[in-house]
Structures are given as structure tokens and as C-alpha cells.
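Everything on this sheet refers to the single structure shown next.
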Amino acid sequence: ANVVPFSFKGELMSGTHNFANGGDSFKLALYTSNPYTTSSTVALTTNEVSSAGSSNYARKDLTSQAVVATTATTSVDFADVTWSSATFSAAFAAIYNDDKSDKLCVVLDFGGTKTATNGDFTISFPDPSTASNAIISLTSS
């Protein structure tokens, strides 16, 4: 299951994270198994995909940040991320704030291990205009 750390909620209310385009810089790291719990606060290297050899793995910058706001929902979107000529497997990803001491925002569960062998490994972010699809979303009831 996806993990939203307890600390992230408080950091949102204190203005730690700026998801607006031109705001903070966010990154994505991949993991072979989940090193996080709800009490995690920063991005970790434990269980991170190896960058050794010809894996072509490195943490990626998330670009094209866009905050989408309606009367009931506010969500954030990022451009899709691709590792080209990749040879690795990953089961989880973490989005973290690179500008704020690697503070953890959300951990994504791929629902199983995904593998690329000398091909593209792509993470496609869903359309955030529907709150249930968004990677990060706040909904009023």
C-alpha cells in the first residue's frame, strides 16, 4: 500500500513544501522493497535500486509540477519519468523534497516488482483532476 508519512501532513500545514511550478524541487527514488513506515521522515538509501554497472539508475528530478485546484480538491501532478536503457527491478518509489533536507512526501507501491532489461522503465503519473487518481491530493468533504 502507498504510504503517506505522518510528518508530511504537518509539514503541509506549516508551509514546508511548495508544490507550485517554480517552487521546491522534488525527486523520485526507486526501491526493491519498502524501507518506509508512516513514521519515516526523510528519503532513505536502504533497499534503493542499485546504480552499479549498466543499470542506468539514478534518482530523477520531477518536472512540470502543476497544482490543480477545484472547489473540493487540490492535487499535484508531475511529468512522467523514464529511465532509458534501464536494467533493474523496482517495487516502490518515494517522492521527496530535495530542497528541504530530503523530506519524504509519499511512498508509492507498484503492487509488485516491475522490471526493465535494457529498455525503458517509465512511471506515468495519472491525471490529477480526479482526486482519486492523483498522486498527492487533499479533498474537502
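The values are calculated or read from the model by the stated rules, or taken from the named source; none is laboratory data. Just so we're clear, the structure is a prediction, and the values are computed from it rather than from any experiment. Cβ coordinates were reconstructed from backbone atoms using ideal geometry, including for glycine residues, and neighbour counts include every protein chain displayed. These accessible areas exclude ligands, DNA and RNA; they are computed on the full protein's heavy atoms, side chains included. Shrake-Rupley method; radii C 1.70, N 1.55, O 1.52, S 1.80 Å.
In table form, for the structure just shown:
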item: Per residue solvent-accessible surface (Å²) - the chain, probe of 1.4 Å; result: 50 Å²
item: Label-point separation in nm, residue 114 to residue 46, each point 7 Å along Cα→Cβ; result: 2.4 nm
item: Cα principal axis extents for the chain, largest first, Å; result: 47, 28, 28
item: Nitroxide proxy distance, nm - points 7 Å out along Cα→Cβ at residue 127 and residue 101; result: 4.0 nm
item: The chain - mean residue ellipticity at 222 nm from DSSP helices (-39,500 (n - 2.57) per run, n ≥ 4, rounded to 500); result: -1500 deg cm²/dmol
item: Cα→Cβ-extended label distance, 7 Å offset, between residue 6 and residue 68, nm; result: 3.2 nm
item: Apportionment of accessible area to carbon and sulfur, segment 11-114, percent (1.4 Å); result: 47 percent
